[in-house]
Amino acid sequence: MPRRIAVFLVFLLLSSGARADIGAAMKAYRAGEFASALKSFQPLAESGDAAAQFWLGLMFDGGKGVERDGKAALGWFRKASSQGHAEAKRVIGIYYEEGNVVARQSVG
């Protein structure tokens, strides 16, 4: 098998596993199983998964399974946004539109 095809197949396998993990984490979040969702989202977010970063931002924004922390939420939304995550960009816009103190203080 040509090397490019093998690399592509490995990428597909890895990304499908990540998608399954994020799907399970989202299901846990929606079911109110926040500890389980956090346990799944955290490593994905830290490894650069934009969707997990967004969902982790939601958890911190709403205090779901973690202590409410607007600064941490905004940080995760920004990480997701920097990768082109549209919903994260929208939420950041809402932070600024509402005059969120955390957003104003973190400019610079």
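The values are calculated or read from the model by the stated rules, or taken from the named source; none is laboratory data. Everything numeric in this text was worked out from a predicted model, so none of it was measured. A quick note on method: Cβ atoms are made from the backbone with ideal geometry, for glycine too, and the neighbour counts reach across all protein chains shown. The accessibility values were calculated without ligands, DNA or RNA, using every heavy atom of the protein model including side chains. Shrake-Rupley method; radii C 1.70, N 1.55, O 1.52, S 1.80 Å.
Numbers below:
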{"quantity": "Tally of residues being touching a Lys or Arg at 6+ places or on another chain (Cβ under 6 Å) and basic (Lys, Arg) across segment 28-79", "calculated": "0"}
{"quantity": "Selection within segment 66-84 - under 14 Å from the mean Cα position of the chain (by Cα) and either of a type outside the set (Ser, Thr, Tyr) or assigned to a loop (DSSP other than H, G, I, E, B) (or both)", "calculated": "ALA72, ALA73, LEU74, GLY75, TRP76, PHE77, ARG78, LYS79, ALA80, SER82, GLN83, GLY84"}
{"quantity": "Subset of segment 63-84 (residues that are closer than 16 Å to ALA45 by Cβ and open to solvent by 40 Å² or more (accessible area, probe 1.4 Å))", "calculated": "LYS64, GLY65, ASP69, LYS71, ARG78, LYS79, SER82, GLN83, GLY84"}
{"quantity": "Those residues of segment 85-99 which are open to solvent by 50 Å² or more (accessible area, probe 1.4 Å) and touching a Leu at 6+ places or on another chain (Cβ under 9 Å), in sequence order", "calculated": "none"}
